[in-house]
Structures are given as C-alpha cells and as structure tokens.
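A.B. asks: Input: one structure, supplied below.
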There are 4 protein chains.
Amino acid sequence: MSGNTLGKLFTVTSFGESHGPAIGCVVDGCPPGMALAEADVQQELDRRRPGTSRHVTQRQEADRVEILSGVFEGRTTGAPIALLIRNTDQRSKDYGNIVETFRPGHADYTYWQKYGIRDHRGGGRSSARLTAPLVAAGAVAKKWLREQLGTEVRAYMRALGEIDIPFEDWAAVQQNPFFAPNAGIVPRLEAYMDDLRRSGDSIGARIDVVASGVPAGWGEPLFDRIDADLAHALMGINAVKGVEIGAGFDSVRQRGSEHGDELTPAGFVGNHAGGVLGGITTGQDITASIAIKPTSSIRVARRSIDKQGNAADVETFGRHDPCVGIRATPIAEAAVALVLIDHALRHRAQCGDVRTDTPRIAARAPD
Amino acid sequence: MSGNTLGKLFTVTSFGESHGPAIGCVVDGCPPGMALAEADVQQELDRRRPGTSRHVTQRQEADRVEILSGVFEGRTTGAPIALLIRNTDQRSKDYGNIVETFRPGHADYTYWQKYGIRDHRGGGRSSARLTAPLVAAGAVAKKWLREQLGTEVRAYMRALGEIDIPFEDWAAVQQNPFFAPNAGIVPRLEAYMDDLRRSGDSIGARIDVVASGVPAGWGEPLFDRIDADLAHALMGINAVKGVEIGAGFDSVRQRGSEHGDELTPAGFVGNHAGGVLGGITTGQDITASIAIKPTSSIRVARRSIDKQGNAADVETFGRHDPCVGIRATPIAEAAVALVLIDHALRHRAQCGDVRTDTPRIAARAPD
Amino acid sequence: MSGNTLGKLFTVTSFGESHGPAIGCVVDGCPPGMALAEADVQQELDRRRPGTSRHVTQRQEADRVEILSGVFEGRTTGAPIALLIRNTDQRSKDYGNIVETFRPGHADYTYWQKYGIRDHRGGGRSSARLTAPLVAAGAVAKKWLREQLGTEVRAYMRALGEIDIPFEDWAAVQQNPFFAPNAGIVPRLEAYMDDLRRSGDSIGARIDVVASGVPAGWGEPLFDRIDADLAHALMGINAVKGVEIGAGFDSVRQRGSEHGDELTPAGFVGNHAGGVLGGITTGQDITASIAIKPTSSIRVARRSIDKQGNAADVETFGRHDPCVGIRATPIAEAAVALVLIDHALRHRAQCGDVRTDTPRIAARAPD
Amino acid sequence: MSGNTLGKLFTVTSFGESHGPAIGCVVDGCPPGMALAEADVQQELDRRRPGTSRHVTQRQEADRVEILSGVFEGRTTGAPIALLIRNTDQRSKDYGNIVETFRPGHADYTYWQKYGIRDHRGGGRSSARLTAPLVAAGAVAKKWLREQLGTEVRAYMRALGEIDIPFEDWAAVQQNPFFAPNAGIVPRLEAYMDDLRRSGDSIGARIDVVASGVPAGWGEPLFDRIDADLAHALMGINAVKGVEIGAGFDSVRQRGSEHGDELTPAGFVGNHAGGVLGGITTGQDITASIAIKPTSSIRVARRSIDKQGNAADVETFGRHDPCVGIRATPIAEAAVALVLIDHALRHRAQCGDVRTDTPRIAARAPD
C-alpha cells in the first residue's frame, strides 16, 4: 500500500500539511467496546502541543481534536476512527523567502526533487506538525494497551545536546517542559536553551522510551520482528537519525558472556536485550533510544541554492523549535505504542488471545 | 500480511529452518527482461557462506542456490523468482542439550513463549543461517540497481569489538575474511579473534553501509520514509541492536549550523544527512551504520532455566560464529539493496520513470 | 492491513457512519501535479447524491466535499488527499425501533454478532451512504485516468428488476434518474418504481460498467489479476451479490471456439473476454456487470428477532431507496476506476511508464 | 505488496511455471501446533491431479508435494510452510508453434504485451497447472478450519456446458471424475465429454461452493468484506468469468420481501444472503457459484496474429483439459478455505478468540 499508513492490523493513515486547512488521521483496526472520548486523545495532544513554553515554537495551536467516526455512545465500534485537527495559526507569509530556495538540512530540497511541486508553507507535509496525528492515534493505542494488558509506554529526555540527563524518577518527567526525568537539572537545561535561542541556532537530543508490562511473545520473525518494526516507526519520526534497542551500539564492544542476559527462576538478571530476543518480546521492559537531529530551520544564515541551481543564502524566519527533541517525547511514546498494539493484535491472530495470567513458564522478569 | 515478507513492490518471502531440508525465498515484483543466472546469486551467497575461514562457523554448507522460477532463457519474466538452498551439513545432535533449556541472549526463549513449540535444532527459524535467502534476494536487487541506475551498495566492517577500523579503501574489503577496509589492520583482527575463540566467548561488531549512485527523490513520507524502511530492514537482521543514518547519534550533540548540509551550485558540501532528508533521498550517498551484538551461543557456562522454570546451566556446543558481525557485511548490503529497489519501484509508480539524466535542478552531490 | 482500505498503490481509506458527524476518506498515492479542485469531486458526488428524484431516498444531503490536504495551488502534491463530507440531515429517531431488533437481509445482525456494539442510526457504518467517499475517491482516479491515458469508465443500468433495458446510447444515461441508456424506456421505469414505492417493497437491479481506452498489460498475476481485483472492488459495494467479467455466466454454455476472441491484424474480432485474459488487460474495453439485491429496509412487516433472540416483527421507517441499484451506477464506475488506477501505477512500478503510443504489437482492438 | 500473494494474515505466495523445474508456494501465518504431514496436502492435490481420467489432460504428473519448512516433529511451528512440487512430465516441444503466435482467448497475448518476454512452454506462469500450489495451501487451511472450528468447505459441479446437474447428495461428488453431486447423470456427462473431445473443442462449467460451520462475525467492512475477498479469490482462479454469492444474479429480479431472509428464534428461514450480510458472515452456510470459461487451447484452427502483427492460424497441440471446469472443484474449495482462514485470523485479531460455544444471541441457522 501507499506510504502514509503505519501498521498492518492497527493502522494509522495520516493526512495534512502544516498550513493547510487541517491535519489528522484514520485509525483502523481498533478493537470494539473500548471507552473513548475526545478528552482521552486531547490529553496526549496537549503534551505535544506547541506554544506551551518559551523553549518551543511560539505557534499557537489549540490542537483541538474532533472524533469523526468509529465511536458510538462513548465506545469504539470496530469501525475506523477518524481524528481531525483544524489548523488555526498559520502565518504562511513567514515562508515567502523559501518558495524558491531550500533550507539546508531540510526536506524542502527532496520534496522538490521527488514531486516537482511543493507546499512550502511551514514545511508543508514534511513539517513536524504532522507528528500531532501520530500522537492522537497513539493515544488510542496507549489506552487499549493500558486497559487490556496493563502495558505502559513512557519516554523521557536522556540528553539535550551535550548535557546528559541522569534518570532520577518518572514523576519528574511530567513536571518540566523538557520531559527530563530529573528536576534538579531543569535550570541548567533552561539556561542552555535560552543561550541557544539567542544564538539563532538549534541543537539535537536523545530520547529514551520504556514499555513495561509487555507480554512475552509479540513479534513476527523474520522480517516483521518487533524490534524491526520499532526501528521503522521511530526512524519514521521527523528528525530521527538513530535508533537503539536495549544495549544498542554498546553491544559492539560487549562480549557474549556480558551481553546475553542470564535467566534464573526469578526472571532475567539483566536487560541488554531491551526486552526483545530474536525479534520477539521477552516479557521484560522494552527499551529503545533515539537520536534527534537539530532543527534545520535556523536564523543563522547558510549557503544554499535556488530552484535554478544558483547560489542563495537562506535565513529561516517563521516560528520554530530550537530543539525538536523537546517535544519528541510524547511522539516517541506514540510510535512505540502503535507498534505494540499492532503486534498485540497480530499475535492474537496467529496464536490466540494474549494470556496475561499464565505464562508458558514460570520465569518472568521483575519490573 | 504475515511477518515473513520484506518489501511492498519488490518483495522477499522467506522460508526455512537451520536444520530443515531447505531454506529459500520467493522474490516477487522483479522487473522483466533482466539477465539473471544462478551464478549471479551464487556469487553473493559465497561471500556470506560459512566455513570459509577459521574465524567463522565451521559448518560446511555449499549454499548452492537453485532458481526454480521466474527466469526464462536467462532473463527475468516478471513472474516470482523462487530461490532454493538445500541444507546439507546439519548436526542436530549437537543441540540435544538445549531441547529443554534456553540459551541466554538467544531467541530460544521467546520462540517458546510465543509459539509453545520450537524447532531447537541449530536455532531453527531464528538461526543466522536464515540470512542466506536474504542475501540471495539481495543479489537480484543489486544487479537490477547496478544495471538500470548505476546504484551500488557496499558495506564494510567499521569496528570489531573495541577495535575501530579506519577506512582506507574499498579494494581491501574483499581481500580479507573480516570485510575490513584496511589491509594493515587484518593481522590484529586475526589475533583478536584467535584469542576470543580460545576463550569460548563472542564479541560484537559495527558495520557501515554505503549506497552510491542513488537518484534523488526515493522515499514515501510520512511513514514509509526511506530511512524508516532502511531501519526496519537493518534492525530486522539477526543480532542487530542499533541503526544509524548519516550522523546518527552524533546528531544529538550537533548544532543545526553544523549538522545541516549546505548546498552550493556544485552540490552538497557535506553529508550529515546520510543521503536522506525528510525520508527522501537527496542524491548523495546513503550512509548507514549498524551495531551487531555478540553471538549468544558461547561455550562459556551460563545460568538459565528449563521449560519448567527450574535453574539450569547452559554451555553451547555446535558450530558457531564467535562474531556474527563478520559475515554481516554482505547481509547488510542485501538489506539495503532490497529497500532501495522497493523504493525505486514505488517511486516510479507514483512519479513515473526514474530519470537518471535530468535532475530537476542542476545541483547534485559529487561522489 | 486493516479492512477499510482499498488498493495497494492508489489507496482509499474510508471512515464514517451514516448519522455520525461526517464521512470521508483519505486517498494516498495520487501522482503529483494533477489539477484538482473540489468541483471535480463534487460533480461525481452530485451524480450519486440522495434526494434528487422521487425514486431515491428523500434524505436531503448536500454531500458537499472539502479537500483537506494533498492539493497546493490547485494541483496534487503527491501527499494524501483527505476528502471530508459532513452529514447534515440525520433523523436518528426514525431508527428507534431497530435498536433492539435486526432488519431481515440487513447488516444489523452481523455487525452485532461481530462487534457486540452497533451504531444502529441509519445503518451506521453499513449504510449505503458510505459509498459517497468511494465516489469521491473515484472522481480523483477518473480524472487522472482520463487526462493521462484517455481511459474512460462509464456505467449504466442494464436491468431494473424484471425489466431489461436495451442499450441505445451513452448520451441517454445522464438524462434520466435511472442511468438508463435508453430514453424510451424511462416512462416504464418510472411507472414501475411508483408502483413499487406504493407497495412498500424494494427491487434489485443490474448495472453494466465499461472501461475504454485501457492500455494492454495491466494486472498482476497470479492472485492480483485485474479481474480478481475488479471482482473484489465491485462485490465490496453495498448490496452487490454477483460480478461478471465479459461473457460472465454465459461462458458456462459456450464452446472454446465460440468464446475465445480471435485476433486479426485489425484487432480482436470479439470481446467475450471482457478485456481481460489471464488477469491482464488486452487493450480492449473492460466490461463488467453486477447484480444488486433489493434494499433490505422496507415498510412491509417481516419476521425477525431481538437481541435476546425473541421473535419480533420489523417494519422499517426512515428514508430509504426502494432500489439501491439506481444510485449504484456512479458507485460502480468509481470502484472500477479505483482498480484501474491502482493497476496503472502497479504496472509502471514493475514495467516502467505506460506507453500509450507504441504497443508491443500492431494489433489493437477497435473501440 | 506484489501480485503473487493471496491473503493478509494467512498468506500464500505462489511461484513456478508449467514447464519450469518446479511449482509451489509459501504459506505464512499458519497458527502453531497443528498436526500436519505431507499426506494431508497430498490428498487434496490428488483430487486436482491431471491424468486421472480420460476427460482431463493426459499430462502425467505425480504432483508429489514436499514440505520444506514450518513443520517440526509433525506439527506446525508458526514459521512459514514452504510447499514444493517438482514438474516431471513437460513436453515443451508441443508448444513450438505458439512461440511466435497467440492462442485466441489465452493469456499468451497479454503476458507478451505486459512483460515483453514470455515463457510460452505449457502456458508458463498462466497455466492452470499453477492452481496446484493453491490447492496445496488450501489443504492446510481446510485442516485448520475443520479441526479448530468444525468449518467444512465443499464444492461440486453444478453445470457442464448446457447440462444442469441437480444436486442429490454430497457422497456422489467424490465418486465420479466430474465432481457431480448426482451419480445418475454421470453417464450423460461422460458421453458429452467424449463427443466434445472428438470435436477438438472445449466447454465451460459452473461450480458451486458451500462452506458450513462458519461462525457469525467474520469479514472486515468496508472494503475487505468477506464476500469481496471471496470474489477476489474465486475470480482469481484461471478461467473464472463470474462469481455469485447466495442468490447472485437472481437478486436482480427479487423483491426485498422475498430476498431478505427472515429470522425466527429457531434461526434464519432462508439463505438468499449466501451466509453474508454487510460483508460479514451470518453463521449460515456460505454459498458461492462460479462460471468457468471453456479452455482456450483447442485443436480447432483459429485466426490469430504473430508477434509482428501478421495474420496467423493457430491450432493447439499439447495435452489440455477440454473442460478446465472439471478439475476446478477442489481449486474453488481451496480458494474459499483460504479466504475463510484469513478472516478467521483477522477476526480474532480485532475481536479476540472466536467463540464457537456462545453466540451473542440465541438464534443460529440450522445446519
């Protein structure tokens, strides 16, 4: 099928452009009978919403979601759930100077090369604004996973540029605009971002995602391994340049006797695997980490070319996130949740209902 | 569809187990009219074949491929190409001790949890032997890409455990059993592996892949971005725990003014993007890097459990690669080539024939 | 993937219920650069619209379409095209009496059995109203086929109940509410429908579809033959119970020497094949015919049961088409056009750009 | 994905040509734990096998199947099941005269137009021989449906040319080479075929399929309705030109009060629906009927053209079925079984395990 659908059994088909009339998606394959209200979706969208602190884009979008279908008397019916978000705060004239040129590091150039036509306003289809429908769909997935199986997907910022952020506790994550799991480091992050913003430049970030309460046995080897599908969904997020599962690139230097997580009757004694062996979940936490590149829309002047191939300097105006990684935390959660629910459904297609009560063997990882 | 098919338009459907009668795949969607002989496929299989040096598994498999269909009078017909490889050197009794237990770090455990039945012989379906059909299919993809578009996919070993391998030249890669792009470092790699083998342990590796001669414009945003599909295919290779495109995790610490590759009338001045912007190819080289974990089948005794959940020590006999990363180089090339041909076909479906002669603008990256 | 998407490369993902806030679809895979305005879609929707004659449902819906995405400055961009139609004339209370019971011959029963929850209002998801998004998507497909390749898809009513309608000319089709290709028979059809309406009963119909200007070579054997995909799309329309290609069921009694269309240097001498041989188009007109069952929502009282399995008589109120076949003509055209564009794109993926100028051999069918 | 795969969760990927080294398929998605032996598959292949009576092709093929993967110690493992059938009795020289010409009514012409290359030997990929892998895959599906759910799929010949065959009993079907459900009519069928064979001509047939023991609730509206998927699979069989579900084309002349099957506490009182309402199974028998055209390979001389477009008479030698409909009975069963198992798995993905014991309401159709 075409390229704007994610998933096989629980599918999200996305549409919209940054400055078009609306963005949204159609979620197909949601099991029937789940309570679902717009507030359930809104709550996740609000976490990703622009304009909520001085460290993110100042575009003011309420990102108000409307459920157009698939819910009847407050419950999902099994029919597709269409989610609509109207755009309200476009300032397309800010983008006048990039009609004819290409921002370095931006999809401006490749969309033009591919299609020969490009909605340049606010990045059009390639805008990070298009992560909102993903978050909306992810809210549906998260709710089902939580309610049916007790599966939780959570993420946090692990590094902002060169600042590593030591994990302290989950509670902190929701209490600062960086999704940092460490209250003490927040002033330093704020100062760092204030400096960066003044310089007109941007910076990368690293986000870690943890899914807990995942039953053993999800994943479809060979090719649709759950780690492969996680990599697909995470690398598919705007600006992501790297994905790790479990020990990730540290595995390169590990010996087998160190990397391979031993098992005891009490469960696994480590989780270098990141909860996945052979493409199938182990029942431990799934852990993934992503690298997010710095925003390409920056005020610093840069060399580029125009559509005729002539040299042209580009400075980007408009309103932009100096670190797209900041708002990437709820997006990464959504991407992971969407892969998990898809595999939950695929698993029960082939192997029958997921049994949360009786694992095939006694050993389960401690939380 | 089910999980053992890779690709959407150029698809590979894999089958087989390590110690079953045969392994193989069906390649569907290959354009008609391409010259194809068994030797074309064999040549790539021979690069991945076991038993070719003392640093890899000593299992002796000729990996002789038979083309069962889709080729007539030496040319592809547009019909599915079935590729069959008989298994000949199984020693299933070597695996008697893992019928009831699970190797730490191995898919033994998860296959059991998922299916409740497991072909334990040689790892069954989860064996790295199943990368052979991928390589066979990749040979078809590579040939088409090379002949139609001049696209080449090459890989090399960038690190073996803690030894980083500086890139010197492509010529070296085919002249040592490690696929190291550096002849001078080979004695050190050999000594390292000899020590490791004696210890009964295993080690990880890092492989870099470069695709050159890729036209601008391939990739299907939003979700089937070409980087997302590359991540899917690469993370889907046995033992891979991390994937990077371009600058990868280094992007985290980069500023936008450093990361974003400037454009001049002579082309891009850098390639932090790894040849992909917004999920679409730029026309520069695509660069990817993967982390491969150490083999989980090691002679060192380890703690595990049996099917009843009781404690059980596991030592692995049988013949194994002490570094699965060594033979991963042709596998990574195959995975990338399969994604590229799939997107080449997807691109011409939506946008018409790929034009290698007339880019939409003058700017193209130098090689 | 999930069940509400039609097509593989040119996909339509449908959403909505008869009495929900809106219905619509996302069209993905449309080639970039085609001029497209809401009027292009509206024109097709108006042909299917309810309330336009006394012979169809009296529900008043403007069926006003809004293009939410995928079009920039009047041209398609290659991004998904979301099409939204608000529902405006719901009278859900008319359906109060079927909350607890099931209309004989209606999906009321099966939706309940499948999902355990059912939006009963106006038939919910199973309403024929959901053919509107199909027609909207079909308008995009028809425009591309016409402009790029000169392919036209047209349909007409061939039988209304026991009245066979001899084909006279295409011009008549658009000039009567029955899409009858025969002006002279219209008074008889009107009288027939008036009688039927008074009786409170309903009737079936047969619709013929003809696609002309189809290049030879479309279709993906073995399973995604173009005739198989046409059968899928046509049988997927509400109320369709039979599909024929070319000679259809008459083939049963034909001898090979009669059925097989001979070829001469001037082209085929007949078209029993209906333009398809071996699942691939011949270059002749594609001809298909569908049987549409009588509407199940009728005023005549019928035996049924309630949710508890108790006997319950059902009379249907609300506003219904006494012959759903009347409005099925534009719907059948849309379904066929969607299959054709999907295969046009699939063909050029595997075999390169469609050549309308130079067939491989001289022989082409006369129109 | 590409065109040689049938199904979404239980998939069959077919390969092979009539005179190549082998034909076969990969079955992916079969649930684990089912007992499966080659004999289970062979038994169905033997029903379709050529050369078993004087009324079918005299090609002698043992059609001996080999299971290459997916089965361990006699049970399915959840991994792909590859099924291989070697070709043994090719007489490719019989086809020398059609290297340069096209048999009227045959795919010779369209394969050439599509691909520009064609394996002409025995019809190559378009040969009815390629229904053997479908039957092999269908054997796996039928076994699972029968053992898990008590679902049976059976077919019979309903008409041979102009001879209608009244249904008498299922027992007769397996006792004559025509799959006629009526022992008394067999001598007439034999005489008819003997005459036909002498004439060098061929004839069509009609086959009816009945699936019993199908739970209510299977089918994925809107587009992947179970009737739509049945139409796709059945129209995808070689030579099929028409498909009906339930009352089929008779629906055209029926009134709603006649067609709509009433419900009583004891179940449905009729089955014009053919077991499907709104694209979802009702729990009644699924009934379908297909029209099979006469074989295009006949000895009678016919007008055609050669590759240069010049006039050329064609007489077909080689060994052919004078009525491909005769062997179509097990093929139609396989196609229906494959759709059913696919929807069984899709249903339990979205709605959980199929409950055969507790329907949502008391009413069920009598067997």
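A.B. asks: What are the residues in the stretch A:194-231 that are crowded, with 23+ Cβ neighbours inside 10 Å, in a helix (DSSP H, G or I), touching a residue at least 40 places away in the same chain (Cβ under 8 Å) and not β-branched (Val, Ile, Thr), if any?
C.D. replies: A:Asp227, A:Ala228, A:Asp229, A:Leu230
A.B. asks: Right, another one. Among all residue pairs at least 6 apart or on different chains, which show Cβ distances below 9 Å where the first residue, located in the stretch A:17-36, is more than 8 Å from chain C (Cβ to nearest Cβ) and the second is part of a loop (DSSP other than H, G, I, E, B) and of a type in the set (A, V, I, L, M)?
C.D. replies: Close Cβ pairs (under 9 Å, with a partner that is part of a loop (DSSP other than H, G, I, E, B) and of a type in the set (A, V, I, L, M)) amount to A:Cys30/A:Leu36; A:Cys30/A:Ala79.
A.B. asks: Conditions: (1) under 30 Å from B:Pro133 (Cα atoms); (2) in a loop (DSSP other than H, G, I, E, B). B:Val300 meets all but one. Number of the miss?
C.D. replies: The single condition B:Val300 does not satisfy is (1).
A.B. asks: So which residues in the stretch B:264-277 are at the interface with another protein chain (Cβ under 7 Å from one of its Cβ atoms) and either of a type in the set (Val, Ile, Thr) or in contact with a Pro (Cβ under 6 Å, 6 or more places away or on another chain) (or both), if there are any at all?
C.D. replies: Correct list: B:Thr264 only.
A.B. asks: Let me ask something additional. Considering (1) without any contact (Cβ under 8 Å) to a residue 40 or more places away in the chain; (2) more than 14 Å from every other protein chain (Cβ to nearest Cβ); (3) surrounded by fewer than 20 Cβ atoms within 10 Å (Cβ to Cβ), say which one B:Pro181 fails and leave the rest.
C.D. replies: Unmet for B:Pro181, out of (1) without any contact (Cβ under 8 Å) to a residue 40 or more places away in the chain; (2) more than 14 Å from every other protein chain (Cβ to nearest Cβ); (3) surrounded by fewer than 20 Cβ atoms within 10 Å (Cβ to Cβ): (3).
A.B. asks: Okay, moving on. Only one of B:Ile81, B:Ile117 is closer than 22 Å to B:Ala22 by Cα, touching a strand residue (DSSP E or B) at 6+ places or on another chain (Cβ under 9 Å) and surrounded by fewer than 24 Cβ atoms within 10 Å (Cβ to Cβ); which? If you could, list the steps in order and put the result at the bottom.
C.D. replies: Details: B:Ile81 fails: surrounded by fewer than 24 Cβ atoms within 10 Å (Cβ to Cβ).
The unique qualifying residue is B:Ile117.
A.B. asks: Can you spot a residue in the stretch C:122-144 that is farther than 30 Å from A:Ala79 by Cα and within 12 Å of another protein chain (Cβ to nearest Cβ)?
C.D. replies: Here is the first cut: in the stretch C:122-144, the ones farther than 30 Å from A:Ala79 by Cα are none.
The answer is no; no qualifying residue exists.
Yes/no matrix, rows are residues, columns are (1) closer than 30 Å to D:Thr13 by Cβ; (2) more than 10 Å from chain D (Cβ to nearest Cβ):
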{"residue": "C:Glu162", "(1), (2)": "no, no"}
{"residue": "C:Val209", "(1), (2)": "no, yes"}
{"residue": "C:Ile226", "(1), (2)": "yes, no"}
{"residue": "C:Gly242", "(1), (2)": "yes, no"}
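A.B. asks: Also, quick follow-up: Just checking, does the stretch D:60-70 include any residue being within 18 Å of the chain's Cα centre (by Cα) and within 14 Å of chain C (Cβ to nearest Cβ)?
C.D. replies: No - not one qualifying residue is present in the stretch D:60-70.
A.B. asks: Can I ask one more? In the stretch C:28-69, what residues are polar (S, T, N, Q) and part of a loop (DSSP other than H, G, I, E, B)? Walk me through how you get there before you give the answer.
C.D. replies: Within the stretch C:28-69, the first condition is being polar (S, T, N, Q), and the residues that meet it are C:42-43, C:52-53, C:57-58, C:60, C:69.
C:Thr52, C:Ser53, C:Thr57, C:Gln58, C:Gln60, C:Ser69 - these are the residues of the stretch C:28-69 that are polar (S, T, N, Q) and part of a loop (DSSP other than H, G, I, E, B).
Matching residues to (1) of a type in the set (Ser, Thr, Tyr); (2) surrounded by fewer than 24 Cβ atoms within 10 Å (Cβ to Cβ); (3) modelled with pLDDT under 95:
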position: B:Arg319; (1), (2), (3): no, yes, yes
position: B:Pro322; (1), (2), (3): no, no, yes
position: B:Leu340; (1), (2), (3): no, no, no
position: B:Asp353; (1), (2), (3): no, yes, yes
position: B:Pro359; (1), (2), (3): no, yes, yes
position: B:Arg364; (1), (2), (3): no, yes, yes
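A.B. asks: Give the residues of the stretch B:1-40 that are among the hydrophobic types (A, V, I, L, M, F, W, C) and crowded, with 24+ Cβ neighbours inside 10 Å, sorted by residue number.
C.D. replies: First pass over the stretch B:1-40, keeping only residues among the hydrophobic types (A, V, I, L, M, F, W, C): B:1, B:6, B:9-10, B:12, B:15, B:22-23, B:25-27, B:30, B:34-37, B:39.
Within the stretch B:1-40, B:Leu6, B:Leu9, B:Phe10, B:Val12, B:Phe15, B:Ile23, B:Cys25, B:Val26, B:Val27, B:Cys30 qualify.
A.B. asks: Testing B:Phe10 on (1) within 14 Å of chain D (Cβ to nearest Cβ); (2) closer than 29 Å to B:Gln113 by Cα; (3) touching a residue at least 60 places away in the same chain (Cβ under 8 Å), one condition comes back false. Which one is that?
C.D. replies: (2)
A.B. asks: Could you say which residue among A:Ala312, A:Ala301, A:Ala335, A:Ala328 is at the interface with another protein chain (Cβ under 10 Å from one of its Cβ atoms), within 24 Å of A:Gly236 (Cα to Cα) and among the small types (Gly, Ala, Ser)? Break it down into steps so the answer makes sense when it comes.
C.D. replies: Values: A:Ala312 fails: within 24 Å of A:Gly236 (Cα to Cα); A:Ala301 fails: within 24 Å of A:Gly236 (Cα to Cα); A:Ala328 fails: at the interface with another protein chain (Cβ under 10 Å from one of its Cβ atoms).
The conditions single out A:Ala335.
A.B. asks: Mind listing whichever residues of the stretch D:271-297 are part of a loop (DSSP other than H, G, I, E, B) and either in contact (Cβ under 8 Å) with a residue 60 or more places away in the chain or among the aromatic types (Phe, Trp, Tyr) (or both)? Give the steps one after another, and end with the answer.
C.D. replies: Residues of the stretch D:271-297 part of a loop (DSSP other than H, G, I, E, B): D:271-275, D:278-279, D:282-285, D:293-297.
Residues satisfying the conditions are D:Asn271, D:Gly275, D:Gly279, D:Thr282, D:Gly283, D:Gln284, D:Asp285, D:Lys293, D:Pro294, D:Thr295, D:Ser296, D:Ser297.
A.B. asks: Return only the number of the condition from (1) in a helix (DSSP H, G or I); (2) over 22 Å from the mean Cα position of the chain (by Cα); (3) not small (Gly, Ala, Ser) that C:Asp119 does not satisfy.
C.D. replies: Answer for C:Asp119: the failing condition is (1).
A.B. asks: Can B:Ser304 be described as more than 30 Å from A:Glu315 (Cα to Cα), among the hydroxyl-bearing types (Ser, Thr, Tyr) and touching a Pro at 6+ places or on another chain (Cβ under 7 Å)? Break it down into steps so the answer makes sense when it comes.
C.D. replies: Working: more than 30 Å from A:Glu315 (Cα to Cα): yes; among the hydroxyl-bearing types (Ser, Thr, Tyr): yes; touching a Pro at 6+ places or on another chain (Cβ under 7 Å): yes.
When the stated conditions are applied, B:Ser304 passes them.
A.B. asks: Sticking with this structure for a sec: So in the stretch A:303-340, with the set limited to residues that are assigned to a loop (DSSP other than H, G, I, E, B) and free of Cβ contacts under 8 Å to residues at least 60 places away in the same chain, which one is farthest from A:Gly161 (Cα to Cα)? Give the derivation first.
C.D. replies: Taking the stretch A:303-340 first, the residues assigned to a loop (DSSP other than H, G, I, E, B) are A:307-310, A:315-327.
Now narrow it down to the ones that are free of Cβ contacts under 8 Å to residues at least 60 places away in the same chain: A:308-310.
Working: A:Gln308: 36, A:Gly309: 33, A:Asn310: 33 Å.
Filtering first and then ranking leaves A:Gln308.
A.B. asks: Report whether or not C:Thr76 is out of contact with any Cys (no Cβ under 6 Å at 6 or more places or on another chain), within 14 Å of another protein chain (Cβ to nearest Cβ) and over 30 Å from C:Glu190 (Cβ atoms). Write out each step before concluding.
C.D. replies: Working: out of contact with any Cys (no Cβ under 6 Å at 6 or more places or on another chain): no; within 14 Å of another protein chain (Cβ to nearest Cβ): yes; over 30 Å from C:Glu190 (Cβ atoms): yes.
For C:Thr76, the condition - out of contact with any Cys (no Cβ under 6 Å at 6 or more places or on another chain), within 14 Å of another protein chain (Cβ to nearest Cβ) and over 30 Å from C:Glu190 (Cβ atoms) - is not met.
A.B. asks: Also, quick follow-up: Where residues in the stretch B:91-121 are away from chain A (no Cβ under 12 Å) and modelled with pLDDT of 85 or more, which of them is farthest from A:Gly279 (Cα to Cα)? Please lay out each step first, then the result.
C.D. replies: Taking the stretch B:91-121 as the starting set, the residues that turn out to be away from chain A (no Cβ under 12 Å) are B:91-99, B:119-121.
Filter again for modelled with pLDDT of 85 or more, leaving B:99, B:119-121.
Numbers: B:Val99: 20, B:Asp119: 16, B:His120: 16, B:Arg121: 18 Å.
Ranking the candidates gives B:Val99 first.
A.B. asks: Being over 22 Å from C:Ser126 (Cα atoms), facing chain D (nearest Cβ under 9 Å) and touching a residue at least 40 places away in the same chain (Cβ under 8 Å) is true for just one of C:His343, C:His347. Which residue is that? Explain how you work it out, then say what you get.
C.D. replies: On the way: C:His343 fails: facing chain D (nearest Cβ under 9 Å).
The conditions single out C:His347.
A.B. asks: Please go through (1) within 30 Å of C:Lys8 (Cβ to Cβ); (2) assigned to a loop (DSSP other than H, G, I, E, B) for D:Cys25 and return the number of the only condition it doesn't satisfy.
C.D. replies: Exception for D:Cys25: condition (2).
A.B. asks: What's the number of the only condition in (1) farther than 19 Å from D:Asp261 by Cβ; (2) under 22 Å from the mean Cα position of the chain (by Cα); (3) among the aliphatic types (A, V, I, L, M) that C:Ile292 fails to meet?
C.D. replies: Only one criterion is unmet by C:Ile292, namely (1).
A.B. asks: Quickly run through the stretch A:6-65 and pick out the residues that are more than 19 Å from C:Ile23 (Cα to Cα), polar (S, T, N, Q) and touching an Asp or Glu at 6+ places or on another chain (Cβ under 7 Å).
C.D. replies: A:Thr57, A:Gln60
A.B. asks: For the stretch A:262-270, state whether one or more residues are under 29 Å from A:Pro133 (Cα atoms), in a strand (DSSP E or B) and in contact (Cβ under 8 Å) with a residue 40 or more places away in the chain. Spell out how you get there, then give the answer.
C.D. replies: Step one: of the stretch A:262-270, the residues under 29 Å from A:Pro133 (Cα atoms) are none.
Checked the stretch A:262-270: no residue is under 29 Å from A:Pro133 (Cα atoms), in a strand (DSSP E or B) and in contact (Cβ under 8 Å) with a residue 40 or more places away in the chain.
A.B. asks: Only residues that are assigned to a loop (DSSP other than H, G, I, E, B) and modelled with pLDDT of 95 or more: list them for the stretch C:75-90, please. Give the steps one after another, and end with the answer.
C.D. replies: Going through the stretch C:75-90, the residues assigned to a loop (DSSP other than H, G, I, E, B) turn out to be C:77-80, C:87-90.
Listed by number, the residues that qualify are C:Thr77, C:Gly78, C:Ala79, C:Pro80.
A.B. asks: Now, a different point. With respect to the numbered conditions (1) within 16 Å of C:Gly161 (Cβ to Cβ); (2) of a type in the set (A, V, I, L, M); (3) at pLDDT below 95, which one is the sole condition not fulfilled by C:Ile203?
C.D. replies: Condition not satisfied by C:Ile203: (3).
The values are calculated or read from the model by the stated rules, or taken from the named source; none is laboratory data. Because the structure is predicted, anything quoted here is derived from the model rather than measured. Every residue, glycine as well, gets a Cβ built from its backbone with ideal geometry; the counts of neighbours run over all protein chains shown.
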